[in-house]
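For reference, the structure is listed below as structure tokens.
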Amino acid sequence: VQLQASGGGMVQAGGSLRLSCAASGINFSINTLDWYRQAPGKQRDMVGTITSSGATNYADSVKGRFTVSRDNAKRRMYLQMNSLKPEDTAIYFCRVGYPDGRIYWGQGTQVTVSS
């Protein structure tokens, strides 16, 4: 199983970024896909989730600004981030969860938002 996150970078407040996570070695379509983030000195928190049926859920702090999506044919998941704020600065991780409880993490991509 391999998850490769990309798309991070530096952006000014109010800007946008789109993160992508490419998966290999897994039955992609049956899994719940998540984005997490971890800021320096803080715990890793869930940002957004999309189930195998396409239902989504978001942390309150990003609702209305971030959108999680998936392309099962391409084995990719995405995180569209709009209206970025300095407090969104963190390392962003993609995660895949199997129905049987197995979880796999990607390596993370850095997002830095300047004020």
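Per-structure values
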read-out	value
Sparsely packed trypsin sites (Lys or Arg not before Pro) within region 60-109, loop by DSSP, other Cβ within 10 Å at most 14	Lys63, Lys74, Arg102
Positive minus negative residues near Gly7 (Lys, Arg vs Asp, Glu; Cβ under 12 Å)	+2
Those residues of region 1-40 whose amide nitrogen sits under 17 Å from the label point placed on Asp100, 7 Å along Cα→Cβ	1-2, 25-32
Sum of side-chain charges, Thr112 neighbourhood, beta-carbon under 13 Å (Lys, Arg +1; Asp, Glu -1)	0
Over region 62-115: Kirkwood hydrodynamic radius from C-alpha pairwise inverse distances, Å	12.9 Å
√(5λ) per eigenvalue of the Cα gyration tensor, region 1-65, largest first, Å	22, 16, 13
Stretchable slack from Gln2 to Thr56, in nm (0.36 nm times residue separation minus alpha-carbon distance)	17.2 nm
Contact order normalised by residue count of the chain, Cα under 8 Å, 6+ apart, percent	36 percent
Radius of gyration and maximum dimension Dmax of the chain, Cα, Å	13.3, 42
3J(HN,Hα) from dihedral phi, region 64-77, Karplus parametrisation 6.51/-1.76/1.60, rounded to Hz, x for glycine, proline	x, 10, 10, 9, 9, 9, 9, 10, 5, 5, 8, 6, 10, 10
Computed magnitude of the charge dipole of the chain (debye, nearest 20; Cβ of K, R +1, Cβ of D, E -1)	160 debye
Set of lysines with alpha-carbon distance to Lys42 below 24 Å, sequence-local pairs under 8 removed	Lys63, Lys85
Förster radius 25 Å - calculated FRET efficiency between Lys42 and Thr112 (Cβ-Cβ, nearest 0.05)	0.95
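None of the figures in this text is laboratory data; all of them are computed from the coordinates on show. Because the structure is predicted, anything quoted here is derived from the model rather than measured. Positions of Cβ are backbone-derived with ideal geometry, glycine not excepted, and every protein chain shown enters the neighbour counts.
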